[in-house]
Amino acid sequence: MIHTTTPSIEGKRITQYHGVVVGEAILGANIFKDIMASIRDIVGGRSAAYEKAFRQAREIAFEEMDQEAAQFGANAVVGIDIDVETVGGQGAMLMVSVSGTAVTIQ
């Protein structure tokens with residue numbers, strides 16, 4: 001499956017539009033990860049726990065979107081938008097939502 005945030009793919013022709021497809025993932029970070037991330041935020045540096053959680057959620061969301069696009073017979077998704085939100089008190093959960101238009105290209 002080809003992914004792009006642009007409305008077209010250079011050198012390819014869109015032959016069919018199948019509609020909007022979406023993938024979503026919500027992951028919770030355990031209390032230990034939250035505490036360690038808070039400490040890192042205070043002293044500076046990157047939070048490996050949150051980076052890993054974000055990466056995992058993004059991969060799941062893209063897999064869901066790809067499955068939906070494949071059901072339409074699409075071989076690409078164009079105009080992809082990635083949205084990241086925290087859900088619950090003090091970012092207890094991380095939600096990643098991806099959406100785009102499923103297309104067939106040649």
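A short reminder: the numbers here are calculations on the coordinates, not readings from a lab. This is a predicted model, so every value here is computed, not measured. A quick note on method: Cβ atoms are made from the backbone with ideal geometry, for glycine too, and the neighbour counts reach across all protein chains shown.
Efficiency by 1/(1 + (r/R0)^6): what FRET value for residue 48 and residue 14, r their Cβ-Cβ distance, R0 = 41 Å, to the nearest 0.05? Let's see the in-between values first.
Values: r = 39 Å, r/R0 = 0.96.
Working from the Cβ atoms, E equals 0.55.
In nm, to one decimal, how far is the modelled label at residue 3 from the one at residue 59, with both set 7 Å along Cα→Cβ?
1.2
Among 94-104, 1-11, 72-82, how do they line up by average Cβ neighbours within 10 Å per residue, starting with the highest? Walk me through the numbers on the way to the answer.
Values: 94-104: 20.9, 1-11: 11.7, 72-82: 17.1.
Ranked by mean Cβ neighbours within 10 Å, highest first: 94-104, 72-82, 1-11.
Please find the FRET efficiency linking residue 72 to residue 93, where r is the Cβ-Cβ separation and R0 is fixed at 22 Å, and quote it to the nearest 0.05. Each step should come with its number before you reach the end.
Numbers: r = 29 Å, r/R0 = 1.34.
Here the calculated transfer efficiency is 0.15.
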